[in-house]
Each structure stands twice: as structure tokens, then as C-alpha cells.
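Student: So that we are looking at the same thing, I have put the structure below in C-alpha cells.
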Amino acid sequence: MDNNETYGGKIMKFWLQIITILIIIIIASIWAKPVFADDTNSQTNSSGSNTNITGGYTTTNNNTYATGSSNDTTSTTNNDTDNTTNNNSKVPPPSANAPSYSSMSQDVCSMGISGSVTTGIVGIAGGKHYTDENCERIKLAKVLQDFGMKVASVAILCQDSRVFSAMEAAGTPCPWEGKIGKNAAAMWEQYPEIRPDYEVYLAKLKIKDKKDAKVAKEIEDAEEEAREEEERIAEEEAKKAEEEAEKRKEVLKKIEEAKERKEITIHVDR
């Protein structure tokens, strides 16, 4: 499999994990139910303060004097106060900032990837390091080249399918276990399954086979047309020769008849 596809697959897997966690949190928040207190003096507070005061106080004074007089006083106080302040303020959570990743060195073939997602309920951020295999190949090839190992340097670059195809297209196939040139090409032809570009190689073979079959069909049709044309010409020539023979036969017959009637004397060269 191509290394670029492997690297892209790792990134896709990381983001799928982040999206799955986010979906689980959103579903859990949707299923959550509010809890209310069992109180007849109900208050509703979305954001702010509610004041609910209910009155209905009654005071009764009964005074009886020794003289026989009485004084009855009844005082009723109704105090209904309903003070409601609603401030429907929906403030999102702080933004989720993606962490910063660095390779810390110019000689390290590593790449940092990070991302973040923020909604009205939750924010998520994450990151991870990935190894760049193409970068590693280039650095290893340069070191081998500096050590004078030219074939090994080319061989490690040939692990990349693009380099392998380019070398084959240039007529300089990649090395095969110590073999180079035509010998290496013969071995790659014998064991195509271990080529780095095997899938692309199969696709090219299908295209070539299809094109070759088309060309072979065109050549076969052209040869058939040429054969039919030759047969037609041969038939016409045979028919023409037959007609000429018939005409000559008739002429000879007339000459023979004339000789018999002694009308003319003629010498016929045969």
C-alpha cells in the first residue's frame, strides 16, 4: 500500500475518534432531564433572580372591660409581591484551542497534527505526532550516498511506489537482491506481487491488454479484408480467363466448320 495512503488513513482515524466522542457527549446532553423541587411556591429562573412573596395575614384582638363594654378589632393584611427578573443569556463555553506541536529539530521526520471543535455545550481539542516515512527515506538515502553505497541508496528510495515507477519508466529498474539492469527487471517481472506499485502495475496491465486486444482485432480485420479482396480479384481473373477461353474455343470451332465447308484455308498456330 502507498505510504501516503497510510499516512492519510492515520489522520482520518484520529478525526473519526474525535467526532465519535463529540457525538456521544451531545447525545448524553440531549437525554439529560431537569430536576425540579416539590414546592407550591414555584419560581422559574433561567438566568437572574425571582422573588415570590405571598401574604394573607389576619390579626384579631378581643378586649372586654369590667364595665361590660367590649372592643373587637380585626386587621387583615394582604401582601402579594411577585418580582420576576429573567435574563435569557446563553454564553457558550470558552473556545477550545488546538495544542501546538513541534518536531523540536530539523533532523526529525515527524509532523504534529492538532485540532479542536467547540459547540454551545462542550469544546474538545487534541493532537498527535505522525512520522513522515518519505522524509526518512530521503535522509537515509543521502547518508548511504555519502558512504558510497549508491545501489543501496537507490534501493531505499525505490521503496516508494512513485520512485519505482519512475525508475522503470526511465529504463533503469530498481535493484533486486544484488541484481541490477535487465537481470533486476526480469526478477520484478517474475515476482510482480512484491512490487511497491503492484496495484498501479495491475491497472496498467489491464489497460495494455485491452489496447493490445483492440489492435490485434484491427489487424485481424484488416487481414481479413485483404484476403477477401485477393479472393475477389482471383475470381474475377479466373472468370475473365474462362470467358477468353470460351471465346477462343468458339473462334476455333468456326474455323473448323469453315475448313470443312472448304470456304477458306487457314493455318492456325497453336
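Student: Specify the residue that is nearest to ASN134 (Cα to Cα); the eligible residues are those in the stretch 163-195 that are among the polar types (S, T, N, Q) and in a helix (DSSP H, G or I). Please lay out each step first, then the result.
Tutor: Looking only at the stretch 163-195, we keep the residues that are among the polar types (S, T, N, Q), and these are 165, 172, 183, 190.
In the following step, the residues that additionally are in a helix (DSSP H, G or I) were identified as 165, 183, 190.
Numbers: SER165: 16, ASN183: 27, GLN190: 27 Å.
This residue is SER165.
Student: Determine which single condition ASN183 fails, assuming it passes every other condition in (1) over 19 Å from ARG162 (Cα atoms); (2) exposed (fewer than 11 other Cβ atoms within 10 Å of the Cβ); (3) not hydrophobic (A, V, I, L, M, F, W, C).
Tutor: (2)
Student: If you don't mind, another one. May I ask you to list the residues in the stretch 186-242 that are closer than 18 Å to PRO173 by Cβ and aliphatic (A, V, I, L, M)?
Tutor: ALA186, MET187, ILE194, VAL200, LEU202, LEU205
Student: Being within 25 Å of the chain's Cα centre (by Cα), without any contact (Cβ under 8 Å) to a residue 60 or more places away in the chain, assigned to a helix (DSSP H, G or I) and not assigned by TED's automatic domain parsing to the domain that holds MET111: is that true of ALA203 here? Step through it out loud before you land on a result.
Tutor: Numbers: within 25 Å of the chain's Cα centre (by Cα): yes; without any contact (Cβ under 8 Å) to a residue 60 or more places away in the chain: yes; assigned to a helix (DSSP H, G or I): yes; not assigned by TED's automatic domain parsing to the domain that holds MET111: yes.
So ALA203 passes the test.
Student: Here is a follow-up. Since ALA238 meets every condition but one in (1) under 30 Å from CYS109 (Cα atoms); (2) assigned to a helix (DSSP H, G or I); (3) small (Gly, Ala, Ser), which condition does it not meet?
Tutor: (1)
The values are calculated or read from the model by the stated rules, or taken from the named source; none is laboratory data. Computed from a predicted model, the values in this text were never measured in an experiment. Here the Cβ is made from the backbone with ideal geometry for all residues, glycine too, and neighbour counts use every protein chain on show.
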